[in-house]
Structures are given as C-alpha cells and as structure tokens.
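Where a number appears in this text, it was derived from the coordinates with a stated rule and is not lab data. Bear in mind that the values here come from a model prediction, so they are computed numbers and not experimental data. Cβ sites come from the backbone with ideal geometry, for glycine too, and all protein chains shown count toward neighbours.
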Amino acid sequence: MLAGGGARGCAHLGVFQALQQRGIEVDFVGGTSIGAVMAALVAADRPADEVTAIARRWFSVNPTGDFNLVPLLSLIAGRRLRRVVASAIEELLGFDADVEDLWKNYYCIASNYSQASEQVMQRGNLRRAMLASVAIPGALPPVLHDGDLLCDGGTFNNFPVDVMRAQRSVGRVIGVDLSFRKPRRIELDEVPGAWALLRDRLRPRSRRRYRLPSLMSYLMNVTILYSTSRQRQSQRLTDLYFNPPLERVGMLQWERFDSIVEQGRAHGAEVLDAMAGPALQAFRPHAV
C-alpha cells in the first residue's frame, strides 16, 4: 500500500528494492497520487532495479514543470505529466492498457469532486485512472470520468490501507507511508508580505530567512490534511509499516530522484533487518 507525497514517492521504489532483496514479493498493490503511479510500476511485475531505471528516465524531466500562463483551472498545464504517464504505460505494457491488463492486482484512489466521495478505481483505462489519482486540486487539471470530475485521491484517502484490507483474499498488508514524523514549527510571528517573500526566494537556499512552503507545496500538502489526520488508524491496519524519514525532501524535488530512492531503500533495509527471523519469514510465502 503506497501513500501519496509528490516527489517523496520515489522512496517507494527504494522500499520495493529492500523487499525484493529479502525475498518478499507482493501480489496485490494499491496507492494514491504518486503512490498510484509507483503501484502501477510494481503491478507490472518487473524486477525492482529495472523498475527504478524506467522511473528514473520518466522523471529526468520535471513532470510538473509546465505552468499555465493563465491558470483558470490549475497552476500546472499537465501536458508533460500526461506524456510521462502515457509513455510509462507504453514502456511497461506495450499499449494503452487497462487496469485489468496489469500482471498483479491493482487499485488506485481518486476523489470524486462531483459526488463528494472517495472513488476506488480497479478497472478501466489505466492512464486515466493514474491521472485522476494524481490530479492535485488547484495544481493539476482534474479528469473527467463517466460525467464526474475526479481529482487527487489524497483529499479523502492518502494512505488507503483500509481499502486494501477490504479486498478479498488479502492476507498480510505492507504499507509505505510518506507522512512527516514530526510537525514542522515555523519560528515567525506573522507571514511576510509578497515582496519580502520574493526577495527571500531569490537568495541561495542556505541563506533564506523564511522557511515557508512554496505555493505549489502548500496546495499539495493542504489537500491531504484530512488523510494525514487518519494516519494512526491506517498504521494500525498494516502488518508491516514503513515511514521513511523524508522531512528534508520537498514534494516537487524530482531532481533528487536517486537520493530519495536510496533513502527509501535504507529505511526499508533498516526496518526489515530489525525483524526477527520468523517474523520476516512470515511475509515471504504470501506477502501482500
């Protein structure tokens, strides 16, 4: 079960590497937002190193870098992301596949704006499902599906372990959460004005005075606040829980792909190596 979290989601691939290196395979995978993208990679049933190499090529160009000149519906045009997702599916499966064409069972979560509800997507066009799951409100354009407007699933369920638990024949559940371990404190009395923030952003990162999120990061994080409040409940539903320490990783820092993957791998190895032999062995025959 793979959570959303922007560029921090690259850590999912590192945890996947750690699992495969210890003989733990998955037979059902799901996720939200970037977790939905990484879950599709896992569901394509390729070796972890090969999957990581494919993803590295996809994210060599910032998928969220094409901003709208006139942002009427979203700050980002989304054309670049649509090309990345389409080429990814083509490379993985050879054609514009449906969810049912994946080798492993798969689902992703979107938020149905029209119905004000969570939507679990387990069938139909894979590209459309993935784009709906990552369509952060205000940041990326929504997706139309059967007359409804769909957007990022993190609004309702950023770490959808409960959905995995409800699936038929699911045994042990592995979850990779990307929530921050500790809340961030901001040592300011009030938010600076626009010109003060602009001057500060022009300084080198190490010399900036105001440790505030960018507009894009703010939008991306605020959409998952409700889901984050359910973190403890979701954690209790997992049999094997990962929460890589990614506090210093921004949600749009795609250029840090390799270091984020390595942080995920190191954390995954640490958690798995700390488990006793019988406990770890329990996940090998029928891991989920």
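Of note:
- For SER169, the shell of other residues with beta-carbons less than 14 Å away shows a net charge of +3, using +1 for Lys and Arg and -1 for Asp and Glu.
- DSSP H segments from the chain that extend 18 Å or more along their own axis, Cα-based, with Kyte-Doolittle mean of 0.0 or above: 79-93
- Result for the chain in a Gaussian network model with C-alpha springs under 10 Å: among GLY193, GLY268, GLY30, the largest mean-square fluctuation is at GLY193.
- Equivalent ellipsoid dimensions for region 77-142 as semi-axes, Å, which come from the Cα gyration tensor, largest first: 21, 16, 7
- Difference of contour (0.36 nm per residue) and Cα-Cα distance, GLU25 to ARG165: 48.6 nm
- Chain lengthening between ASP101 and ASP45 when straightened (0.36 nm per residue, less Cα-Cα): 19.0 nm
- Principal axis box of the chain, alpha-carbon based, largest edge first, Å: 58, 45, 34
- Debye log10 I(q)/I(0) at q = 0.15, 0.19, 0.21 Å⁻¹ for region 6-58, Cα point scatterers: -0.35, -0.57, -0.71
- Given +1 at the Cβ of Lys and Arg, -1 at the Cβ of Asp and Glu and no other charges, the dipole of the chain around its Cα centre is 1060 debye to the nearest 20.
- Residues of region 100-132 with amide N under 15 Å of a point placed 7 Å along Cα→Cβ from ASP148: 108-125, 129-130, 132
- Residue among TRP103, TRP195, TRP58 with the largest mean-square fluctuation in a Gaussian network model of the chain, springs linking Cα atoms under 10 Å: TRP195
- The shape of region 29-167 can be summarised by an equivalent ellipsoid whose semi-axes, obtained from the alpha carbon gyration tensor, come to 22, 20, 12 Å from longest to shortest.
- ALA279-ARG123 FRET efficiency (beta carbon distance; Förster radius 41 Å; 0.05 resolution): 0.70
- With the simple model of a label 7 Å out from the Cα in the direction of the Cβ, ARG236 to GLU91 spans 4.1 nm.
- Cα gyration tensor, region 43-121 - rounded (a/c under 1.5), prolate or oblate: oblate
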